[in-house]
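The values are calculated or read from the model by the stated rules, or taken from the named source; none is laboratory data. For clarity, every value in this text was computed on a predicted model and none was experimentally measured. Cβ sites come from the backbone with ideal geometry, for glycine too, and all protein chains shown count toward neighbours.
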Amino acid sequence: MIVIDSASPVPPFEQLRAQLAGQIQERTLAVGTRLPTIRRLAADLGLAVNTVGRAYRELEEAGLIETRGAAGSFVSAAGEQGRERARRAAAEYAAVIAGLGIDTTEAVRIVQAALTQRVPEVS
Amino acid sequence: MLRKVRPTELETARLWLAARGLADVAPTPMLAARLTVRRRARLAAAVLPAAFLCANALVYVSALPIRPADDGFGTQRRWSLVVLTALVAGLVVGLSLLDRWVRRVDQQAGAELPRRATHSVRPGWRTVLGGPRAVLLAITYAGAAGLAIAALTMREGAARYAAVVLLIGLCGVAVGTAVRLRHVLTHPVVAADEGSLRADFLMRVEDAREVAVPTVVWSLPVVSVFDTGLDPWNTGWLVFIVLSVVALALITAGDGRRALAAQHGPGAR
């Protein structure tokens, strides 16, 4: 289910993007699932077509959905592959940490520092 | 803006929800208004085809030959077919206007909601209408058209005229049904939360199933081809009608059992 609250300070396109992204990441929306068309979703949620289009565009840029021409938008397998890559990298990192004899708290702190440094580059 | 909802309409909405296992959903004025307009539109949508059937019968009878020897399509019959085509167009326009009325009330209800909810994946026609119903609908129309076309090519005189009258009526009803089904399957969701989204889905299912009942297809032969008595053709029609009525009754009973199981099942709320 998608809910758009017009009284929320969060812009409607961001509400929509965040909910769809969350459902894709939680696998409520499985890979290959066909999403509603932009026009239909806009009519259902009482939003402008451009608002829904922007949310879909951002999801597409994040690799979570893909648009196959007139067939519509589908949940992409790229997000799933990205998650698998992250899992593999984490396993490699854990192996390095164990080899160097660094304790878990320190290892987590290193990751957090790396992520904090990374965020400004991404946004 | 939605008109003021009467307490009886709210009570009807509460009973409607309770009968569908949604007793936990509050009967809002929005839901009451949507159910009321559907009830009225459904009544009008039943009266319109009934009026169409009466007019169809009058048109058919008005152009019947006075002597059995009179065959072919004279001027009177040609005019009667023109009138019938106009009646068919009137039926389709009338049904479309009823749908527009329902849609307008839905739009007004949706515009007043501070929150809007919808499905991430919209239920398709198989979920809303049901595969067996869709197949039955297609078979009923195709079967009726097939019988009418066979009568048109193989029979003579008044029987051919009856088949033409039936075919024109059938085409009109098929177009009307297609327009209404498209409307039911594509019109926007009107919901604010999970409860009203479930109610909206059930309303859509009921609307679609109501539209998909081929009552007019069963009635059309009665006002035209059945005037020749119980010959083999009309026996064929009777068997066809009885079989499709039995099939629909079985499908409806099956749906009822499944709905009951869903309400009382472990996952039911």
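Looking at B:GLY172, is it under 21 Å from the mean Cα position of the chain (by Cα), at pLDDT below 90 and within 14 Å of chain A (Cβ to nearest Cβ)? Spelling it out, it is not the case that B:GLY172 is under 21 Å from the mean Cα position of the chain (by Cα), at pLDDT below 90 and within 14 Å of chain A (Cβ to nearest Cβ). Residues that are surrounded by fewer than 19 Cβ atoms within 10 Å (Cβ to Cβ) and either more than 14 Å from chain A (Cβ to nearest Cβ) or aliphatic (A, V, I, L, M) (or both) within segment B:175-201 comprise B:VAL175, B:ALA178, B:VAL179, B:LEU185, listed in sequence order.
Right, B:GLU210: among the acidic types (Asp, Glu) and either within 14 Å of another protein chain (Cβ to nearest Cβ) or on the phi > 0 side of the Ramachandran plot (or both) or not? So B:GLU210 does not fit the description; no. Here A:ALA94 passes the criteria (1) more than 30 Å from B:ARG182 (Cα to Cα); (2) surrounded by fewer than 16 Cβ atoms within 10 Å (Cβ to Cβ); (3) within 14 Å of another protein chain (Cβ to nearest Cβ) except the one numbered (3).
Only a single criterion out of (1) touching a Gly at 6+ places or on another chain (Cβ under 8 Å); (2) without any contact (Cβ under 8 Å) to a residue 12 or more places away in the chain is not satisfied by B:ARG116, namely (2). Looking for something assigned to a helix (DSSP H, G or I), more than 15 Å from the chain's Cα centre (by Cα) and at pLDDT below 90 - is there at least one such residue anywhere in segment B:214-221? For segment B:214-221, residues assigned to a helix (DSSP H, G or I), more than 15 Å from the chain's Cα centre (by Cα) and at pLDDT below 90: present. Residues that are aliphatic (A, V, I, L, M) and surrounded by fewer than 21 Cβ atoms within 10 Å (Cβ to Cβ) were ranked within segment B:106-122; the one that is farthest from A:ARG39 (Cα to Cα) is B:LEU113. Of the residues making up segment B:184-196, those that are in a helix (DSSP H, G or I) and aliphatic (A, V, I, L, M) number 2. Taking residues in segment B:93-111 that are closer than 21 Å to B:ALA32 by Cβ, and partners anywhere that are crowded, with 21+ Cβ neighbours inside 10 Å and among the aromatic types (Phe, Trp, Tyr), not one pair has Cβ atoms closer than 7 Å while being at least 6 places apart or on different chains.
Scanning segment B:104-156 for residues that are within 14 Å of chain A (Cβ to nearest Cβ) and under 30 Å from B:PRO232 (Cβ atoms) gives no hits. Scanning segment B:11-60 for residues that are crowded, with 19+ Cβ neighbours inside 10 Å, over 21 Å from the mean Cα position of the chain (by Cα) and either assigned to a helix (DSSP H, G or I) or at positive phi (or both) turns up B:ALA13, B:LEU17, B:MET30, B:LEU31, B:ALA32, B:ALA33, B:VAL59, B:TYR60. Put simply, of B:ARG104, B:ARG100, B:ARG122, B:ARG126 the only residue that is assigned to a loop (DSSP other than H, G, I, E, B) and under 27 Å from A:ASP44 (Cβ atoms) is B:ARG122.
Of everything listed in (1) over 24 Å from B:ASP106 (Cα atoms); (2) among the hydroxyl-bearing types (Ser, Thr, Tyr); (3) within 14 Å of another protein chain (Cβ to nearest Cβ); (4) surrounded by fewer than 16 Cβ atoms within 10 Å (Cβ to Cβ), the single unmet condition for A:SER73 is (4). For A:GLY82, are the conditions met, namely being more than 14 Å from chain B (Cβ to nearest Cβ) and within 26 Å of B:ASP193 (Cα to Cα)? The answer is no for A:GLY82. Listed conditions (1) touching a residue at least 12 places away in the same chain (Cβ under 8 Å); (2) surrounded by fewer than 17 Cβ atoms within 10 Å (Cβ to Cβ); (3) more than 14 Å from every other protein chain (Cβ to nearest Cβ) are all met by A:GLU58, apart from (2).
Take B:ARG160 and tell me if it is in a helix (DSSP H, G or I) and modelled with pLDDT of 85 or more. No: the conditions fail for B:ARG160.
Conditions (1) in contact with a helix residue (DSSP H, G or I) (Cβ under 8 Å, 6 or more places away or on another chain); (2) free of Cβ contacts under 8 Å to residues at least 60 places away in the same chain; (3) within 20 Å of A:LEU35 (Cα to Cα); (4) not in a helix (DSSP H, G or I), marked per residue:
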{"residue": "B:ALA134", "(1), (2), (3), (4)": "yes, no, no, no"}
{"residue": "B:ALA138", "(1), (2), (3), (4)": "no, yes, no, no"}
{"residue": "B:ILE149", "(1), (2), (3), (4)": "yes, yes, no, no"}
{"residue": "B:ARG182", "(1), (2), (3), (4)": "no, yes, yes, no"}
